[in-house]
Amino acid sequence: MTSKPVYLYSTLTRTKDEFKPLQPPHVGIYNCGPTVYKDIHIGNLRAFTTTDLLRRMLEYNDYDVLLVRNITDVGHLHEGDDPRGGEDKLEHEARKSGRSAHEIAEYYTRLYLRDVEEMNILPAHIMPKASDHITEMVEMTGKLIDNGLAYVSDGNVYYDVSNFKPYGALSGNTVENLRTGGHGRAQMEIAEDKDANEDFALWKHGDATRQMNWESPWGVGFPGWHIECSAMATRYLGEQFDIHTGGIDLVFPHHEDEIAQSQGSSGKQPVQYWVHNEFLDFGNSKMSRSVGNVLLLSNLKERGIEPIAYRYLLLTAHYRSKLNFTDDSINAAQNALNNLRADIAELPITATPQQWSAEAIKTREAFHQAINNDLDMPTAISITREAARTHRIEAGERRHLLLDFDRVLGLRLDTVEPKAEVVVSDEALELVRQRDAARTARNWAESDRLRDQLKALGFEVRDTPKGTQLV
Ligand code: AMP
Ligand code: ZN
């Protein structure tokens, strides 16, 4: 194991602390995955990339990571001031398109998996689907009723928030704040049969218009969105695990409610570090479907931008800072990536060095320190760019160093072929000399004849201001 400390900022403590896993070298991470009712947009991909970088950084530090990223295929309702308020996102799409909810989930799951692969986001070790874990959700809901933290009302089950004392620790939206109009109020579910506004649904009764209904002790219905993640995280990572990730918009209510559910049923604090990424903005507001300013990865490709160039762009901003997507910023990222590749193409492939040189060690330490410092990728990427060009490290070793960094960056730098060196024979050199002389004398016929002769020797001829060049 490495002895370098890793520092992570946690939304729960609001401080950056040394990361200490519960059972080193194992690290369990749960990342809220996509709701598969529409194409994911590049804002969603910022969230998945952040978790990917976190996982890669921990693996670089020799931790043995188990990453769970779920697929939400039921229970996520339209929220807030959405005019369709309260309808299941998948059911809504099914009704609109005439396809089954199952078909929709399958279709968008496939597109999502294609997008994450194109961005070199490593596949999660476990990708549980919510609809495959209804039993676990019903069980946890039952436990919460037994523990006096939930109540049944007309086939619905609600969490009794006022009975969970630590409520609000993550988001600051305590019951008192919510009742006096705290900023999370707008995100509270609207329902007439709740005891209090801040209570949220664990189980909802179904009806004949729905395609997805399950049996439960409270009648036929379907789970709430929040209980899904509590149930799946507990199932695969246990009652207590190391890191939970997601976009900043999930802090409230989704993650606050997850704590209430998981801790309410097990009695233990479920998550040691909460890591949230800031938004990708577009046109200076959060990229989101409700604003209508979404861009898909396929839209970038249509504009000649590679998915990996978008990954590069994400590396240039710290994950806890907003990033505004503009034509200029994405073009600059594509150019910077091209330049980095061109630098690497100059470096020969050599045998893996037995040990790093002193200069390589120094650069590696700086890179390592940056990534361990709460994923300071902007610093890490600038170290990488400098390392690609420095003459203080021998060219062959430089290539190995860059590929070592790419275990974390994930820019697929290993696919960059070295530029083949053109080996020119004395005979060809003599023809080049003669051809340059012919061109100086404006003897084009002779110049063309010599071009053909060079071609017969296997060289393409390029005319440059410096004279004949062979490729
Ligand atoms: P959803 O499918 O809506 O649950 O979103 C999947 C993930 O994307 C969640 O972690 C969200 O917080 C995150 N997310 C959504 N919009 C953005 C955005 N504009 N920038 C960064 N992350 C986002
Ligand atoms: Zn979740």
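What follows draws every value from the coordinates through simple rules; no lab data is involved. Just so it is clear, the model here is predicted, and its values are computed rather than measured. Positions of Cβ are generated from backbone atoms using ideal geometry, with glycine treated the same way; all protein chains shown enter the neighbour counts.
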For the chain, give the share of DSSP beta bridges that are antiparallel, in percent and rounded to the nearest 5; count only bridges with both residues there.
50 percent
Check residue 282: other-chain or 5+ apart residues with amide H under 5 Å from its amide H, H built from backbone geometry?
287, 325
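What shape does the stretch 305-415 have by the C-alpha gyration tensor, where a ≥ b ≥ c are the square roots of the eigenvalues, rounded means a/c under 1.5, and otherwise prolate means a/b greater than b/c and oblate the rest?
oblate
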Could you tell me how far the Cα centroid of the stretch 359-422 sits from the Cα centroid of the stretch 105-133, in Å?
29 Å
Give me the angle, in degrees from 0 to 90, between the Cα long axis of helix 395-409 and the longest principal axis of the Cα atoms of the chain, rounded to the nearest 10.
20 degrees
Ordered by packing density, taken as the mean number of other Cβ atoms within 10 Å over each peptide's residues, highest first, how do 163-171, 298-306 rank?
163-171, 298-306
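Say the cut-off is 31 Å between C-alpha atoms; which of 16/204; 301/322; 20/89 go over it?
16/204; 20/89
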List the extent of the Cα atoms of the stretch 9-277 along each of their three principal axes, largest first, rounded to whole Å.
51, 44, 32
Based on the alpha-carbon gyration tensor of the chain and its eigenvalue square roots a ≥ b ≥ c, which shape applies: rounded if a/c is under 1.5, prolate if not and a/b is larger than b/c, or oblate?
prolate
Mind giving me the FRET efficiency for residue 95 and residue 369? R0 is 60 Å, r the Cβ-Cβ distance, nearest 0.05 is fine.
0.70
Honestly the stretch 39-176 on the Cα gyration tensor test (a ≥ b ≥ c root eigenvalues; a/c under 1.5 rounded, otherwise a/b vs b/c for prolate or oblate) is just oblate
Show me, for the stretch 204-221, the HN-Hα J-couplings you get by feeding each phi into the Karplus relation (A = 6.51, B = -1.76, C = 1.60, θ = phi - 60°), rounded to Hz, glycine and proline as x.
10, 6, x, 8, 5, 6, 8, 8, 10, 9, 9, 6, 8, x, 9, x, 6, x
Tell me, what does the Kirkwood hydrodynamic radius of the stretch 141-259 come to in angstroms if you use every pair of distinct C-alpha atoms?
15.1 Å
